[in-house]
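Just below is one structure, and these are the notes that go with it.
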Amino acid sequence: MTLDSMASAIRSNIGTGLKEVGNYVYSIEQIKDEISTTRSLMIMQDSEKGILNRDYFAQKITNLDALIVGIFPEEGLIESNSPALITRIPKLAMTKDNSSILYLGPKDMSLNIKTYYSYNDVKMHKYNRTLKNRPFAFIDNVHNEDGNIPVYIANTGPASFKYITIRAIIDDPVKLLQSDGYYIDSEEFPAPLGIQALIIDQLSLKYIDYYKKQLRPNEINDQTDKT
């Protein structure tokens, strides 16, 4: 289903569940935001259970800003003040094992760069005999006002590339769908049909329960269950 189809289904379910009683306005944009939030929660829960299939949620981003020359952040890291190529990517969905990125590398998909999320892991890279001379990336999860996070790439050698592509599970797929320049009404929401159905059901019940509570008149607390 598309994002618009999911939001419309939830809106229809709310109306049916409430029999359109009460003068309430349902914000489609708010529903879309909650679709995104609910998806992220399900991804985290599945990763904790060890049943997350990342490919079903991944989005490919090819129109990232060009890499610029900079330095590693100054955090007492050995690599601090060392040259690095820097760009920003959308905030990643949270997973138990920091596994949201499936691919990060040149646009021709020729090199999947090893990614690290902590300074300690970056420090250990240089001691790995197999990896120490290969390119690596440090993902800094501190996002800016636009919700984007910096990526620092090192060990690229003299024949470095100017642009990268990523395949990753993005925390806010709705924002990406609407801002990547390719959004169309027929674009599939990045989740399996079964997950889409669960999101629709959960949000429909959430809204129906909320509005029913608003419609219920205040009653004297006589210690009896009125649900």
Scanning the stretch 97-125 for residues that are surrounded by 14 or more Cβ atoms within 10 Å (Cβ to Cβ) and in a loop (DSSP other than H, G, I, E, B) gives 98, 99, 100, 106, 111, 112, 113, 117
Out of the residues in the stretch 62-85 that are assigned to a strand (DSSP E or B) and crowded, with 18+ Cβ neighbours inside 10 Å, state the one that is modelled with the highest pLDDT.
85
Report yes if residue 128 is surrounded by fewer than 15 Cβ atoms within 10 Å (Cβ to Cβ) and in contact with a strand residue (DSSP E or B) (Cβ under 7 Å, 6 or more places away or on another chain), otherwise no.
no
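The values are calculated or read from the model by the stated rules, or taken from the named source; none is laboratory data. On a predicted model such as this, the values are computed, not experimentally measured, just so you know. All Cβ positions, glycine included, derive from the backbone under ideal geometry; neighbour counts span all protein chains shown.
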